[in-house]
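*Asks:* Can you read through this structure? Questions will come right after.
The values are calculated or read from the model by the stated rules, or taken from the named source; none is laboratory data. Predicted model, so just to flag it, every value in this text is computed and none were measured. No Cβ is skipped: glycine too gets one built from the backbone with ideal geometry, and neighbour counts run over all protein chains shown.
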Amino acid sequence: MRALLLCDDFYQPGEVPIQAITPLREKGIAFDAIKNAKDFNPETLSNYNTVIMSTCDNISQGDTTPWKTVAIQEAFIKYVENGGGLLVTHNGTVAGDNTEKLDKLIGCRFAYHPNQTHVLVQAIKPHPVTEGVRPFCQLDEFYELELLAHDVDILAAAYTPPQGQEEKYETEPYYNAPAFIAPAVYVRTQEKGRVCVITPGHNLEVWLDAQFQRLLENAIRWCGSKR
């Protein structure tokens with residue numbers, strides 16, 4: 001299994017996903033990482049089973065110039081429709097000013113998050129992506145999404161108590177109102193290819209959580225199994 005990691009933007013240094021994905025090499029997942037979008041060549045997409053998009057429309061953390069041109073967006077669409085896998089994590093859901101084509105492929109765009117709080121992630125249905133993943137809770141950004149695709153299949157939910165009531169987790173771990181539940185993991189397909197979105201993952205501690213590591217490995221393999 002071979003993956004390409006696109007990372008590093010204004011919101012998150014590329015070292016976070018790179019450190020998190022490195023242990024998966026021992027499980028047979030080889031990956032290349034690109035931290036500057038100027039180095040990305042869409043013609044190389046076909047060399048990978050799965051592309052992990054962990055960056056928004058910034059060239060790098062130090063250069064917020066947009067890079068997801070119409071041509072690049074169409075290259076991702078072609079890659080997925082020909083059987084490639086696209087795994088979008090956290091800040092990868094943040095849309096650019098002109099990324100509508102890619103947003104539709106991903107199936108969502110980031111809408112809002114409150115201040116960091118403890119976020120509980122729990123699978124809500126069986127699927128290869130969530131297989132063996134137990135509930136986990138970490139300090140994170142609670143992402144609310146605008147869903148754009150009709151075929152989004154939500155596999156795991158994120159829960160967080162209202163701001164100022166985080167202590168509720170100590171006595172009522174599943175204390176929630178509907179407004180404080182959001183998709184944490186979903187999948188969709190487009191022609192021959194597969195797309196998975198994982199919304200947790202702002203802090204390195206989240207990525208290194210054993211359950212998140214299992215989720216990440218599952219998602220990379222599921223997305224890329226068509227190539």
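*Asks:* Counting only residues that are surrounded by 14 or more Cβ atoms within 10 Å (Cβ to Cβ) and within 22 Å of residue 95 (Cα to Cα), how many does segment 19-43 have?
*Replies:* 7
*Asks:* May I pose another question? Can you say whether residue 102 is without any contact (Cβ under 8 Å) to a residue 60 or more places away in the chain, under 26 Å from residue 1 (Cβ atoms) and surrounded by 17 or more Cβ atoms within 10 Å (Cβ to Cβ), as far as the supplied structure shows?
*Replies:* Criteria met by residue 102.
*Asks:* Of the conditions (1) modelled with pLDDT of 95 or more; (2) surrounded by fewer than 17 Cβ atoms within 10 Å (Cβ to Cβ); (3) within 19 Å of residue 110 (Cα to Cα), residue 178 clears all except one; give me its number.
*Replies:* Here residue 178 clears every test but (1).
*Asks:* I've got another one for you. Can you name the residue in segment 137-147 that is surrounded by fewer than 19 Cβ atoms within 10 Å (Cβ to Cβ) and touching a residue at least 40 places away in the same chain (Cβ under 8 Å) and, of all such residues, is nearest to residue 203 (Cα to Cα)?
*Replies:* The qualifying residue nearest to residue 203 (Cα to Cα) is 139.
*Asks:* Quick test of your reading of the structure: residue 99 fulfils all but one of (1) more than 20 Å from residue 9 (Cα to Cα); (2) out of contact with any Cys (no Cβ under 8 Å at 6 or more places or on another chain). Name the failing condition by number.
*Replies:* Failed condition: (1).
*Asks:* What about residue 46, is it farther than 15 Å from residue 221 by Cα and either of a type in the set (Asp, Glu) or crowded, with 20+ Cβ neighbours inside 10 Å (or both)?
*Replies:* Spelling it out, it is not the case that residue 46 is farther than 15 Å from residue 221 by Cα and either of a type in the set (Asp, Glu) or crowded, with 20+ Cβ neighbours inside 10 Å (or both).
*Asks:* Return the pair list, or none, for Cβ contacts closer than 8 Å from residues in segment 17-42 that are modelled with pLDDT of 95 or more to residues that are surrounded by fewer than 12 Cβ atoms within 10 Å (Cβ to Cβ), at least 6 apart or on different chains.
*Replies:* 31/25; 42/71
*Asks:* When both residues are 6+ apart or on different chains and their Cβ atoms are under 6 Å apart, which pairs have a first residue that lies in segment 208-219 and is closer than 13 Å to residue 89 by Cα, and a second that is outside any helix (DSSP H, G or I)?
*Replies:* 215/133; 219/87; 219/129; 219/196
*Asks:* If you go through segment 106-136 one residue at a time, how many are over 15 Å from residue 187 (Cα atoms), in a loop (DSSP other than H, G, I, E, B) and either of a type outside the set (Val, Ile, Thr) or without any contact (Cβ under 8 Å) to a residue 24 or more places away in the chain (or both)?
*Replies:* Adding up the residues that qualify gives 7.
*Asks:* With respect to residue 102, is the statement that it is of a type in the set (A, V, I, L, M, F, W, C), in a strand (DSSP E or B) and in contact with a helix residue (DSSP H, G or I) (Cβ under 7 Å, 6 or more places away or on another chain) true? Walk me through it before giving the result.
*Replies:* Working: of a type in the set (A, V, I, L, M, F, W, C): yes; in a strand (DSSP E or B): no; in contact with a helix residue (DSSP H, G or I) (Cβ under 7 Å, 6 or more places away or on another chain): yes.
In short, no.
*Asks:* Run residue 158 past the list (1) surrounded by fewer than 19 Cβ atoms within 10 Å (Cβ to Cβ); (2) modelled with pLDDT under 95; (3) not aromatic (Phe, Trp, Tyr) and report the number of the one that doesn't hold.
*Replies:* All conditions are met except number (1).
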